[in-house]
1. For the stretch 94-219, with only Lys/Arg (+1) and Asp/Glu (-1) charged at the beta-carbon, what is the dipole magnitude about the Cα centre, in debye rounded to 20?
2. List the trypsin sites (Lys or Arg not before Pro) within the stretch 141-181 that fall in a DSSP loop (any state other than H, G, I, E or B) and whose Cβ has at most 12 other Cβ atoms within 10 Å.
3. Taking only DSSP H segments of four or more residues, each worth -39500 (n - 2.57), what value at 222 nm results for the chain once the sum is divided by all its residues, to the nearest 500 deg cm²/dmol?
4. Would you be so kind as to identify which of Leu196, His208, Ile154 lies farthest towards the positive end of the dipole of the stretch 112-215, taking Lys and Arg as +1 and Asp and Glu as -1 on Cβ and the Cα centre as origin?
5. Which cross-chain or sequence-distant (5 or more) residues have an amide H under 5 Å from the amide H of Arg359, H modelled 1.01 Å from N in plane?
6. Using a 1.4 angstrom probe on heavy atoms only, work out the carbon and sulfur share of the accessible area of the chain in %.
7. Test of the criteria: in the stretch 296-364, which trypsin sites (Lys or Arg not before Pro) are in a DSSP loop and have at most 14 other Cβ atoms within 10 angstrom of their Cβ?
8. Counting pairwise Cα distances across the stretch 297-364, what percent come out greater than 18 angstrom?
Amino acid sequence: MDYQLVKLSDLQLGAMVAKDIMANTQYPILYKNTKITGEHFPVLKAFQIERIPIVDIKEADKAQQVQSVSSSIETIKETFKNSFERKYNESVAKFKQEFLNWDAGSNVNISKVRESILPLIDEVLLNKEKIFILNEYSTTKDYFYHHSIAISLISAVIAQKMNYSKGDITQIAIAAAVADAGMAKINKKIREKNGLLSEYEFKEIQEHPYYSLQMVNHISTLKKEMKLAIYQHHERLDGSGYPRGEKGSKVLIHSHIIAVADVFHAMTCERIYRSKESPFKVLEMIRESDFGKFNIEVVQALNTCVANLSLGTSVELSNGEEGTIIFANKTSPVRPVIKLHETDQIVDLSKNRNIYIERLILNN
């Protein structure tokens with residue numbers, strides 16, 4: 001692709017960047033094919049970028065025509081396909097029916113579980129930012145069913161970030177989806193109790209990993225380590241978990257993947273006895289408050305999903321203001337640099353610890 005180096009002072013709005021622009025950062029401050037907007041100028045100035053590789057005008061026209069055609073095709077496709085939220089809710093409804101079947105004594109049909117989550121897995125692996133809005137779909141009434149689907153999707157994303165094969169990603173996602181299947185064997189009054197559990201009731205709940213394992217043990221298509229991950233998904237690195245209080249290397253890495261996904265989604269959702277937290281605040285809590293409980297490689301994999309959010313992603317901050325991500329902080333992924341929409345002020349969340357990202361503003 002032909003390009004020319006253009007001085008910052010001569011840079012035109014709408015010009016297309018020809019190559020990734022690095023500035024002693026882990027990720028480019030501007031990616032190839034980015035169109036220059038007014039909000040890019042302060043970033044380029046801040047990093048003292050004097051010349052920018054810009055696509056030749058003729059090349060840019062060709063690219064614009066191709067992009068225009070592609071956009072039209074995508075618009076047509078979007079018209080005829082369900083939104084992610086609709087597909088997600090359909091999966092939750094299917095899973096709820098499966099769980100009610102287990103409650104009635106039926107065996108786990110792993111093929112049906114797989115069919116209900118596979119299309120969603122493919123989508124979140126392509127659009128990882130979706131995992132940060134799953135809590136917005138959850139309801140207090142059907143939280144349990146939302147939770148099972150959500151931790152399946154989050155586990156899949158973590159596994160992909162950790163470079164697992166597609167087959168193992170699917171296996172881990174399926175294991176996560178049925179990790180709480182054993183709750184079907186717990187007395188309904190206990191599992192659906194609105195208030196705090198008594199000591200006896202909590203001990204009953206702690207038996208569910210054992211029941212989950214019993215329910216999937218006969219399934220030959222589920223790998224042995226996935227079955228163990230189901231049994232261990234409430235164990236912790238420091239031995240503080242259950243049902244056996246295993247610790248260290250005795251807890252499989254697959255178990256930690258499901259455990260981190262489980263805690264992350266649970267803490268971000270509205271519950272009868274607890275209000276929801278920002279996914280980005282929860283990530284900090286897992287990394288800092290729960291340090292030593294989870295495998296750090298797993299926690300870091302989930303954190304990199306934030307670091308990889310596209311520049312230009314719109315967010316709502318905890319103080320109610322909205323802005324755009326213009327730079328990712330390498331040392332603090334959940335605290336990028338934000339440009340506020342209303343005032344054009346640039347806020348570095350790594351230096352403003354009293355503010356955090358409340359939620360992403362995404363087109364569904």
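1. Details: 15 positive and 15 negative charges, 21 e Å.
It comes to approximately 100 debye.
2. Numbers: sites: Lys141, Lys161, Lys166; in loops: Lys141.
Loop-located and lightly packed - Lys141.
3. Values: 14 runs with 170 residues, N = 364.
Taking each H run of at least 4 residues, the total per residue is -14500 deg cm²/dmol.
4. His208
5. Residues meeting the amide H criterion: Glu316.
6. On the way: 8710 of 18290 Å².
Here it works out to 48 percent.
7. Values: sites: Lys330, Lys339, Lys351, Arg353, Arg359; in loops: Lys330, Lys351, Arg353.
Hits after loop and neighbour filter: Lys330, Lys351, Arg353.
8. Numbers: 693 of 2278 pairs.
When every Cα pair of the stretch 297-364 is considered, 30 percent fall beyond 18 Å.
The values are calculated or read from the model by the stated rules, or taken from the named source; none is laboratory data. These figures come from a predicted structure and were not determined experimentally. Reconstructed Cβ throughout: ideal geometry from the backbone, glycine too, with neighbour counts over all protein chains shown. For accessibility, only protein heavy atoms count, side chains too; no ligands or nucleic acids. Shrake-Rupley method; radii C 1.70, N 1.55, O 1.52, S 1.80 Å.
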